[in-house]
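Here's the structure we're looking at; comments come further down.
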Amino acid sequence: MTETNLLQGPIHDVHVELGATFAPFGGWEMPVSYAGTVGEHQAVRTAVGLFDVSHLGKATVAGPGAAAFVNSALTNDLGRIRPGKAQYTLCCTPEGGVIDDLIAYYVSDDEIFLVPNAANTAAVVEALRAAAPAGITVTDEHREYAVFAVQGPRSTEVLTALGLPTDMEYMAYADAEWDGRPVRVCRTGYTGEHGYELLPRWADAAAVFRALAEQVEAAGGQPAGLGARDTLRTEMGYPLHGHELSLEISPVQARAGWAVGWKKPEFWGKAALEKEKSDGPRRTLLGLKALDRGVLRQGQSVLRDGEPVGETTSGTFSPTLKVGIALALLDTEAELEPGTEVEVDVRGRRVRCEVVKPPFVQARTA
């Protein structure tokens with residue numbers, strides 16, 4: 001998809017009104033920032049930020065035994081949760097590569113609602129449809145629902161002011177209404193802060209977003225774009241598909257084995273992932289914190305004693321720590337324990353970094 005035919009979300013005009021700058025992401029034209037990434041990042045960490053992430057995919061798997069079918073396909077164990085809960089999970093290939101990481105909402109034994117990444121929605125839907133038994137449908141609902149994230153220590157105030165439910169545990173959700181409009185409210189997020197994700201209908205998106213924005217401003221917060229979303233998730237060490245997870249980067253390498261139901265009888269990629277886990281991965285995802293001045297980026301070589309030992313997968317300047325940080329796949333044989341000093345080749349300049357185990361900033365999702 002070229003930049004001339006990018007898809008737009010349901011409230012593109014609202015972002016224009018707010019003075020957003022835009023960039024292509026996953027085939028969509030997305031707001032990168034409004035008043036500046038650093039200020040938006042700090043608003044989320046100290047007060048509250050409002051993100052439009054309606055580009056995220058949505059799909060429903062329905063029919064007798066839908067939950068059991070999804071559980072036989074995706075990595076995490078749906079048996080660990082119940083209706084009204086959500087779960088981070090992975091859709092893998094038989095070889096153990098990651099088609100996508102996504103959130104599964106357990107509606108009932110006969111209905112699972114999925115939120116995959118924008119660019120991978122069609123691939124996830126296609127894979128599930130191809131494997132679905134008779135009686136189970138997989139419906140792509142990408143443009144049926146918007147997704148708004150309200151994230152930060154004052155996020156509860158925002159939802160309470162609109163009469164929306166907030167008293168739920170992490171990774172739980174509730175179906176509610178605002179002004180007669182149905183909204184699914186989830187205690188999830190991608191920032192490491194206490195927060196919520198709201199799924200109104202696509203047609204109701206503008207009204208819901210404007211109401212949220214008014215309350216976010218009243219709580220001392222502001223709208224936030226993709227720039228802040230990326231700096232926030234990198235500080236937490238959260239993976240981004242295409243960076244820390246991909247068809248070539250397995251959940252074992254990405255230290256996402258916690259999202260794999262190893263004791264389940266089956267899921268896509270089970271044999272390959274079990275073998276990799278048993279043998280030990282050839283590379284492992286860790287964090288890097290710059291000891292010298294320099295902004296780390298994706299695709300930079302990591303060196304120890306002048307020899308390559310890995311490559312960065314994401315990198316940014318941390319507004320919280322005020323240093324460069326990165327996630328990197330490091331060679332397991334190099335035995336780079338946290339505290340080890342390495343160098344990153346930043347456009348020909350060696351930047352000293354310390355190996356750390358993410359997150360870089362303490363999570364406050366509870």
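Give me the distance in nm between label points sitting 7 Å out from Cα along the Cα-to-Cβ direction at S301 and Q362, one decimal.
Distance between label points: 3.9 nm.
Efficiency by 1/(1 + (r/R0)^6): what FRET value for E217 and A176, r their Cβ-Cβ distance, R0 = 22 Å, to the nearest 0.05?
Working: r = 22 Å, r/R0 = 1.01.
Between E217 and A176 the formula returns 0.50.
Can you compute the radius of gyration and Dmax for the chain, using only the Cα atoms, both in Å?
20.4, 63
Express the carbon and sulfur contribution to the solvent-accessible surface of the chain as a percent, rounded to the nearest whole number, probe 1.4 angstrom. Working shown, then result.
Numbers: 7600 of 15410 Å².
Roughly 49 percent, rounded to a whole number.
Leaving out ligands and nucleic acids, note down the accessible area per residue over the chain with a 1.4 angstrom probe, in whole Å².
Working: 15410 Å² over 366 residues.
With the other protein chains kept in place, the chain gives 42 Å² per residue.
For the stretch 132-143, take each phi angle, set θ = phi - 60°, evaluate the Karplus expression 6.51 cos²θ - 1.76 cosθ + 1.60, and give the result in whole Hz per residue in order, putting x for glycine and proline.
5, x, 4, x, 10, 10, 10, 10, 7, 10, 3, 9
Non-local amide H neighbours of I99 (under 5 Å, H modeled in plane, Pro and chain starts lacking H): which ones?
C91, C92, T93
Between Rg and the Kirkwood Rh of the stretch 127-189, both from Cα atoms, what is the Rg to Rh ratio? Mind dumping the intermediate values first?
On the way: Rg = 15.6 Å, Rh = 14.1 Å.
Rounded to two decimals, Rg over Rh is 1.10.
In nm, give the distance between the simple-model label positions of K289 and R210, each being 7 Å from the Cα along the Cα-to-Cβ direction.
Here the answer is 4.5 nm between the modelled labels.
Rounded to a whole number, what is D in µm²/s for the stretch 83-161 from Stokes-Einstein with the Kirkwood radius over alpha-carbon pairs (37 °C, 0.692 mPa s)?
Working: Rh = 14.6 Å.
In µm²/s, the coefficient rounds to 225.
Looking at the stretch 122-194, which chymotrypsin sites (Phe, Trp or Tyr not before Pro) are DSSP coil and have at most 15 other C-beta atoms within 10 Å of their C-beta? Don't jump to the answer; show the numbers that get you there.
Details: sites: Y145, F148, Y170, Y173, W178, Y190; in loops: Y170, Y190.
Here the sparse-neighbourhood loop sites are Y170.
Quick one: check the C-alpha center-to-center distance for the stretch 38-61 versus the stretch 88-124, whole angstrom.
That distance is 20 Å.
Rounded to the nearest 500, what is the 222 nm mean residue ellipticity of the chain from helices alone, with -39500 (n - 2.57) per DSSP H run of 4+ residues and division by all residues?
Working: 8 runs with 77 residues, N = 366.
Rounded to the nearest 500, the figure is -6000 deg cm²/dmol.
Would you compute, for the Cα atoms of the stretch 151-262, the largest minus smallest coordinate along each principal axis and list the three values in descending order, in whole Å?
45, 29, 26
Have a look at L226, L164, L18 and tell me which one the Gaussian network model of the chain (Cα, springs below 10 Å) gives the largest fluctuation.
L18
So how much slack lies between A23 and R352, counting 0.36 nm per residue of separation and subtracting their Cα-Cα distance, in nm?
Working: separation 329, 0.36 × 329 = 118.44 nm, distance 3.13 nm.
That works out to 115.3 nm of additional length.
For the stretch 321-366, which GluC sites (Glu not before Pro) pass both filters: DSSP loop (anything but H, G, I, E, B) and at most 14 other C-beta atoms within 10 Å? Working shown, then result.
Details: sites: E333, E335, E341, E343, E354; in loops: E335.
Loop-located and lightly packed - E335.
On a 1.4 Å probe surface of the protein chains, which of D167, D331 comes out largest in accessible area, and what is the full order?
Numbers: D167 155, D331 65 Å².
So, going from the largest accessible area down, we get D167, D331.
The values are calculated or read from the model by the stated rules, or taken from the named source; none is laboratory data. Nothing here was measured: the structure is a model prediction, and the numbers come from that model. Positions of Cβ are backbone-derived with ideal geometry, glycine not excepted, and every protein chain shown enters the neighbour counts. All accessible areas refer to the heavy atoms of the entire protein, side chains included, with ligands and DNA or RNA removed. Shrake-Rupley method; radii C 1.70, N 1.55, O 1.52, S 1.80 Å.
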